[in-house]
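Data block below; observations after.
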Amino acid sequence: MRLRTREQAAAWIDEVGVALLYPNGDFVLPSLWEAMTGHQDMDWEAPETWKVWAWKDELPARRLACVGLHVARTSSLVSPALVGAVFALTADARAALEGLELELAEAAHEIGRPATRRELRLLVGADKRLGDRAINALQRKLVLTNAGVDTEGSGWGATLHDLLERRWKPKLRRLPSREDALAALATAVVRGAGEVSAADLAAALRVRRREATETLERLEAQGAVGAISRDDLRLWTAAPARGSRARSQVAGSRSSPRRSP
């Protein structure tokens, strides 16, 4: 069933766990656009494009999804159930904040509420180019996250940013280990993509390929995912139903996985 309402979008995100806003050929993750339209061909003039863009703000405003530059180096959505896992994955990056990134994080803490990029830049006296670059970095480190949109004033609404630890505090009370966090996220990626290579998983979660391979092999040993080989490339698939035979093709697979040398 194609998505038509915000509530359906929230339920879909809960099901897939991790997704993109719009299709991106560099990543195997499913996208909200595809779930709404049934295809990957982008049309920036289509009404669905703007509905997805509106959900980008509405979903995090209601805490129905965690939205930001949190996986795959592009705008993405994480289900509330996996916020703790993706947060745990970036713990080392947050421990090394300095310079403008640290100033912006402290400003976001002091203001005590969601703020626009412009507000944060003004608080620390940063110009737009350097300030936005630092804010993007803080999103990738899961220091900042989307929190809705500021509709005051004229023109386009401005995205609000909040400290992820403040906005999603109930989901961060018991964080998984890095190994368990990777396992949970990898399982979601495999389920959402249909089949993945280690390179696919590494790109989606921004981890090293060796760590991605070890995680997939561990999940395979536990029976959480299956494994196949195609054209000398090792792929992992959603685990087959108990008693059924693993298939060499996964029905409905979205796209061919990335092949790495």
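The values are calculated or read from the model by the stated rules, or taken from the named source; none is laboratory data. What you see is a predicted model, and the numbers here were worked out from it, not measured in a lab. Note: ideal-geometry Cβ built from the backbone for every residue, glycine included; neighbour counts use all protein chains shown. Side chains are part of the model used for accessible areas, which takes the heavy atoms of the whole protein and leaves out ligands, DNA and RNA. Shrake-Rupley method; radii C 1.70, N 1.55, O 1.52, S 1.80 Å.
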So, in the stretch 111-120, of the ones that are assigned to a helix (DSSP H, G or I) and touching a residue at least 12 places away in the same chain (Cβ under 8 Å), which residue ends up most open to solvent (accessible area, probe 1.4 Å)? ARG118
Per the filter on the stretch 50-78, residues small (Gly, Ala, Ser) and free of Cβ contacts under 8 Å to residues at least 60 places away in the same chain are ALA54, ALA65, SER75, SER76
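Is it fair to say GLY243 is outside any helix (DSSP H, G or I), more than 18 Å from the chain's Cα centre (by Cα) and at pLDDT 95 or above? Steps first, please.
On the way: outside any helix (DSSP H, G or I): yes; more than 18 Å from the chain's Cα centre (by Cα): yes; at pLDDT 95 or above: no.
Judged against the criteria, GLY243 is not a match.
Would you mind stating whether THR37 is of a type in the set (Ser, Thr, Tyr), more than 27 Å from THR116 (Cβ to Cβ) and buried (at least 16 other Cβ atoms within 10 Å of the Cβ)?
Details: of a type in the set (Ser, Thr, Tyr): yes; more than 27 Å from THR116 (Cβ to Cβ): yes; buried (at least 16 other Cβ atoms within 10 Å of the Cβ): yes.
In short, yes.
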With respect to the numbered conditions (1) farther than 26 Å from ALA186 by Cβ; (2) surrounded by 22 or more Cβ atoms within 10 Å (Cβ to Cβ), which one is the sole condition not fulfilled by VAL143? (1)
Among the aliphatic types (A, V, I, L, M), under 30 Å from LEU219 (Cα atoms) and either in contact (Cβ under 8 Å) with a residue 60 or more places away in the chain or out of contact with any Phe, Trp or Tyr (no Cβ under 8 Å at 6 or more places or on another chain) (or both): is that true of VAL190 in this structure? no
What number of residues within the stretch 57-78 are closer than 17 Å to LYS141 by Cα and either in a strand (DSSP E or B) or touching a Gly at 6+ places or on another chain (Cβ under 6 Å) (or both)? 11
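Here's the yes/no breakdown for (1) assigned to a helix (DSSP H, G or I); (2) in contact (Cβ under 8 Å) with a residue 12 or more places away in the chain:
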position: MET1; (1), (2): no, no
position: ALA9; (1), (2): yes, yes
position: ILE13; (1), (2): yes, yes
position: PRO23; (1), (2): no, yes
position: PHE27; (1), (2): no, yes
position: TRP33; (1), (2): yes, yes
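Taking the stated definitions as given, is SER248 touching a helix residue (DSSP H, G or I) at 6+ places or on another chain (Cβ under 9 Å), modelled with pLDDT under 95 and open to solvent by 10 Å² or more (accessible area, probe 1.4 Å)? Reasoning before the result, please.
On the way: touching a helix residue (DSSP H, G or I) at 6+ places or on another chain (Cβ under 9 Å): no; modelled with pLDDT under 95: yes; open to solvent by 10 Å² or more (accessible area, probe 1.4 Å): yes.
No; evaluated as a whole, the condition is false for this residue.
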Search result, residues across the stretch 162-186 that are within 17 Å of LEU77 (Cα to Cα), among the charged types (D, E, K, R) and part of a helix (DSSP H, G or I): GLU165, ARG167, LYS171
List the residue pairs whose Cβ atoms are under 7 Å apart, where the first residue sits in the stretch 91-107 and is touching a residue at least 24 places away in the same chain (Cβ under 8 Å), the second is among the charged types (D, E, K, R), and the two are 6 or more positions apart or on different chains. ALA93/LYS141; ARG94/LYS141
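Could you say which residue among ARG167, ARG129, ARG174 is under 24 Å from ALA91 (Cβ atoms) and out of contact with any Ser or Thr (no Cβ under 7 Å at 6 or more places or on another chain)? It would help to see each step written out before you state the result.
Working: ARG167 fails: out of contact with any Ser or Thr (no Cβ under 7 Å at 6 or more places or on another chain); ARG129 fails: under 24 Å from ALA91 (Cβ atoms).
Just a single option satisfies the conditions, and that option is ARG174.
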Residue among LEU142, LEU97, LEU130 that is over 14 Å from the mean Cα position of the chain (by Cα) and under 29 Å from ARG178 (Cβ atoms): LEU97
